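Below is one structure, written out as structure tokens, with a few remarks after it.
The values are calculated or read from the model by the stated rules, or taken from the named source; none is laboratory data. Predicted model, so just to flag it, every value in this text is computed and none were measured. Using ideal geometry, Cβ is built from the backbone for each residue, glycine included, and neighbour counts are taken over all protein chains shown. Areas reflect the complete protein model, heavy atoms only, side chains present, ligands, DNA and RNA absent. Shrake-Rupley method; radii C 1.70, N 1.55, O 1.52, S 1.80 Å.
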Amino acid sequence: EEEEATADALEPTNNHLSGLGYSARLRNYWDLSESTNLEVSFSGATGRRHQPFGVDGIEEGEVSARQSLVGADITYRWRPLQQGLYKSLILQAEVLRQLNGEPSELDPSLGQYLGPSSDVTGGYAMARYQIGRRLFLGARGDYVEEAGPADGVEPGAGTLKAGSAYLVFQPSEFSKLVAGFERLSPERGEGLSRILVQASFAMGPHKPHPF
């Protein structure tokens with residue numbers, strides 16, 4: 001019986017329609033004025049994934065369990081008509097909720113489910129302000145909860161918070177230089193501060209892009 005149950009646990013999740021992944025997204029856009037607009041989106045995804053099970057915390061095999069994700073985001077843009085090359089502002093925020101289900105077909109005599117079982121939330125908010133034709137100032141904050149396994153770990157016990165500020169210089173539409181500072185503050189363990197430097201270059205024809 002044990003060998004048969006383990007083989008079932010390793011069966012590909014997409015062998016049946018219920019094991020396929022599905023996603024959807026709804027987005028709407030409004031022009032608030034000649035220089036400002038607002039975009040609101042809602043999204044969701046669901047599917048079954050292989051998750052571990054075992055005895056006394058030691059992994060013995062895998063079992064299929066459903067995971068779903070729902071989220072919403074909002075973006076506000078401002079660019080004055082007469083100073084559009086030199087002034088602009090983008091405000092953006094997004095929140096996501098991960099829904100972790102437990103398998104119903106796992107025989108308790110074979111082991112304990114070790115995958116994530118608590119629902120968790122994460123999100124971010126950011127702002128970017130243009131201070132010159134090629135210079136931008138930005139800031140961002142992040143919040144992420146860790147999904148505790150089905151072993152009594154409280155949801156949010158591994159919460160991670162982060163804050164960052166950065167300066168962007170764009171010599172042209174095909175290149176970008178970024179210098180920033182980031183502070184990571186985990187719920188458990190020591191925090192981390194770091195300086196980030198990034199250079200991005202693009203090659204090829206120029207493509208039209210949204211406002």
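Considering only residues in the range 129-148 that are surrounded by fewer than 18 Cβ atoms within 10 Å (Cβ to Cβ) and of a type in the set (F, W, Y), the one that is nearest to A162 (Cα to Cα) turns out to be Y143. Put simply, of I90, I74 the only residue that is under 22 Å from E173 (Cα atoms), assigned to a strand (DSSP E or B) and open to solvent by 40 Å² or more (accessible area, probe 1.4 Å) is I90.
In the range 103-119, the residue that is modelled with the highest pLDDT out of those that are not small (G, A, S) and not in a strand (DSSP E or B) is D119. Do the conditions hold for L69, that is, is it open to solvent by 40 Å² or more (accessible area, probe 1.4 Å), within 30 Å of S172 (Cβ to Cβ) and modelled with pLDDT of 75 or more? Taking the combined requirement at face value, the residue does not satisfy it.
Y129 satisfies every condition listed in (1) outside any loop (DSSP other than H, G, I, E, B); (2) modelled with pLDDT under 95; (3) aromatic (F, W, Y) except (2). For the range 180-191, indicate whether the set of residues that are more than 20 Å from I90 (Cα to Cα), open to solvent by 100 Å² or more (accessible area, probe 1.4 Å), modelled with pLDDT of 80 or more and among the basic types (K, R) is non-empty. Yes: one or more hits. Inspection of the range 51-65 identifies no residue that is surrounded by 16 or more Cβ atoms within 10 Å (Cβ to Cβ), within 26 Å of N28 (Cα to Cα) and touching a residue at least 12 places away in the same chain (Cβ under 8 Å).
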